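One structure is given here, and the rest of the page talks about it.
The values are calculated or read from the model by the stated rules, or taken from the named source; none is laboratory data. Just so it is clear, the structure is predicted and the values come from calculations on it, not from any experiment. All Cβ positions, even for glycine, are placed from backbone atoms using ideal geometry, and neighbour counts span all protein chains on display. The area values use the complete protein model at the heavy-atom level, side chains included, leaving out ligands, DNA and RNA. Shrake-Rupley method; radii C 1.70, N 1.55, O 1.52, S 1.80 Å.
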Amino acid sequence: MLSTLRRILVVPTAVAAALAAMWSAYLVVISAGALLGLRRRRGSVAVEPVTVFRVLIPAHDEEALIADTVAALQAVDYPADSFEIHVVADNCTDTTADLVRAGGATAHERHDPTNPGKGPALGWLIDRLPVRESTNDAFVLVDADTVVEPGLLRAFDAQLQGGADVVQGHYAVRGDTGGGNVGFRAAALAVRHYVRPLGRTALGGSSGLYGNGMAFRESVARAHRFSDHLVEDIELYVDLLLDGRPVAFAPDAEVRAEMPVDLDDAVTQNQRWEAGRMQVLGAFGPRLASAAVTGRRGRRWPYLDALLDLSLPPITALFALTALAGGLLRLVARGPLAVFGAVVAVSGLAIQVLHTLFALRLTGAPAAVYRSLLLAPVHIVWKVSMLLRLAIRRGPQDWIRTTRNEEAS
């Protein structure tokens, strides 16, 4: 009976271990790329700003946070006559629009309850704004729960002057000094939103888009629109890549957004991210794979990189997969396969831990974020159980705004 069970388990376990090994190797490559990106960043020089920005903020019932967002944008280090702030108060039932106007920004009130969501709201706002023909005009997208660093627009301007059409900034966590669940999320975003785009772009790939802190040349933003997809940012990034427009990364263009303190309040956000990512992988994966195989020599890596990035599980889930698949293969297999399982378990887990600590070091994470890693077992169980529920049941079909901490309390 035991030998039969081993024969049944050995093939799927070996496949899972091989996937874990592939993704761990990818993290090594990206980490090496991030070191290369750091050297290039240190050699960069400041440029005189030439881009004229319009900052676009989608907001739905954001009276608790929108004033801080507008105030931070008003205080950026950029010529005052070279940027404007426009907020679309989307189906709001509170004082969001009044607070925007009180802060000196322009509020556009949209009432369309049959077509809610970030993508439709941004499309409506872009259509409402007059077209500017200059190549120096660009849109910046910032979420309504976000504060920005003063150098945001200068960092975007430098990338646009360098030839980029689309730029992703460093999207970090607001309040990361508090530790706990927010601190652990800060660690995850240091990996996902800093080290990986830094490494991917240094190696010739596309940064990806993360939904907050993004800059687009106006012509590109009007030609490539956000959809009403669950992860409209990921869908747009892949669409841009297949159109020959990789996304640049501006590590100094930093935005910090609120993350839920309570894990229960993060469920809908995480379900949307993971279900949407799988949908995009299913829809675009074949085209990315084809481009990675048949594309012009020397230009295939960005497509392979995008495919690997889209398929890469969250770091907590990858940790669980590596430990389970590698350890189980060591038990059920014999000979070289058993050795492979042990190597995957030990080296893969070491790579993932070092990759995370590397990200924290590069982002200058406070001590509270390091301490929050003690919560890793809780987050691994929470993430894996959430992914299993998604696999069993149909995932979310509509965009749902994440509950704000002020509302939860």
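When each of 61, 68, 90 is tested for being among the acidic types (Asp, Glu) and modelled with pLDDT under 95, the lone residue that passes is 61. For the stretch 147-157, state whether one or more residues are more than 23 Å from residue 252 (Cα to Cα), touching a residue at least 60 places away in the same chain (Cβ under 8 Å) and buried (at least 21 other Cβ atoms within 10 Å of the Cβ). No, every residue in the stretch 147-157 fails to be more than 23 Å from residue 252 (Cα to Cα), touching a residue at least 60 places away in the same chain (Cβ under 8 Å) and buried (at least 21 other Cβ atoms within 10 Å of the Cβ). Across the stretch 69-90, a minimum of one residue is classified as within 24 Å of residue 211 (Cα to Cα) and exposed (fewer than 13 other Cβ atoms within 10 Å of the Cβ). Specify which of the listed residues (33, 104, 43) is open to solvent by 20 Å² or more (accessible area, probe 1.4 Å), of a type outside the set (Asp, Glu), more than 20 Å from residue 216 (Cα to Cα) and at pLDDT 95 or above. Selected residue: 104, the only one of 33, 104, 43 that is open to solvent by 20 Å² or more (accessible area, probe 1.4 Å), of a type outside the set (Asp, Glu), more than 20 Å from residue 216 (Cα to Cα) and at pLDDT 95 or above. Based on this model, can you work out whether residue 122 counts as under 28 Å from residue 51 (Cα atoms), buried (at least 20 other Cβ atoms within 10 Å of the Cβ) and without any contact (Cβ under 8 Å) to a residue 40 or more places away in the chain? Taking the combined requirement at face value, the residue does not satisfy it.
When the stretch 188-202 is filtered for residues that are over 17 Å from residue 237 (Cα atoms), crowded, with 24+ Cβ neighbours inside 10 Å and in contact with a strand residue (DSSP E or B) (Cβ under 9 Å, 6 or more places away or on another chain), only 190 remains.
Of the residues that make up the stretch 261-274, is at least one of a type outside the set (Asp, Glu), without any contact (Cβ under 8 Å) to a residue 60 or more places away in the chain and farther than 30 Å from residue 66 by Cβ?
Our first condition is that a residue be of a type outside the set (Asp, Glu); within the stretch 261-274, this holds for 261, 263, 266-273.
Restricting the remaining residues to those that are without any contact (Cβ under 8 Å) to a residue 60 or more places away in the chain gives 273.
Checking the rest, the ones that are also farther than 30 Å from residue 66 by Cβ come to none.
The answer is no, given that none of the residues of the stretch 261-274 is of a type outside the set (Asp, Glu), without any contact (Cβ under 8 Å) to a residue 60 or more places away in the chain and farther than 30 Å from residue 66 by Cβ.
Name the single residue that is most open to solvent (accessible area, probe 1.4 Å) among those in the stretch 284-299 being in contact (Cβ under 8 Å) with a residue 24 or more places away in the chain and aliphatic (A, V, I, L, M).
Going residue by residue through the stretch 284-299, those that are in contact (Cβ under 8 Å) with a residue 24 or more places away in the chain are 284-285, 287-288, 291.
Then keep just the ones that are aliphatic (A, V, I, L, M); that gives 288, 291.
Values: 288: 0, 291: 20 Å².
That would be 291.
A single entry from 239, 264, 233, 228 fulfils the requirement of being open to solvent by 10 Å² or more (accessible area, probe 1.4 Å), modelled with pLDDT under 95 and not in a helix (DSSP H, G or I): 228. The sole residue among 52, 70, 88 that is among the β-branched types (Val, Ile, Thr), touching a Gly at 6+ places or on another chain (Cβ under 6 Å) and within 24 Å of residue 218 (Cβ to Cβ) is 70.
In the stretch 158-181, how many are touching a Gly at 6+ places or on another chain (Cβ under 9 Å), open to solvent by 50 Å² or more (accessible area, probe 1.4 Å) and closer than 20 Å to residue 85 by Cβ? The number of residues fulfilling the criteria is 0. For residue 336, are the conditions met, namely being open to solvent by 20 Å² or more (accessible area, probe 1.4 Å), touching a residue at least 12 places away in the same chain (Cβ under 8 Å) and not hydrophobic (A, V, I, L, M, F, W, C)? No, not satisfied. Annotation note: Cβ proximity below 7 Å between a residue of the stretch 370-381 that is open to solvent by 40 Å² or more (accessible area, probe 1.4 Å) and a residue that is aliphatic (A, V, I, L, M) (sequence gap 6+ or interchain) occurs for 370/360; 373/187.
Please determine whether any residue of the stretch 45-68 is part of a helix (DSSP H, G or I) and of a type in the set (Val, Ile, Thr).
Taking the stretch 45-68 as the starting set, the residues that turn out to be part of a helix (DSSP H, G or I) are 66-68.
Filter again for of a type in the set (Val, Ile, Thr), leaving 66.
The answer is yes; a qualifying residue exists.
Open to solvent by 10 Å² or more (accessible area, probe 1.4 Å) and at negative phi: does that describe residue 216? When the stated conditions are applied, residue 216 does not pass them. Scanning for something of a type in the set (D, E, K, R), modelled with pLDDT of 90 or more and part of a helix (DSSP H, G or I), does the stretch 373-393 turn up at least one residue? Within the stretch 373-393, not a single residue is of a type in the set (D, E, K, R), modelled with pLDDT of 90 or more and part of a helix (DSSP H, G or I). Does residue 307 meet the test of being outside any loop (DSSP other than H, G, I, E, B), crowded, with 19+ Cβ neighbours inside 10 Å, modelled with pLDDT of 95 or more and not aromatic (Phe, Trp, Tyr)? Answer is yes for this residue.
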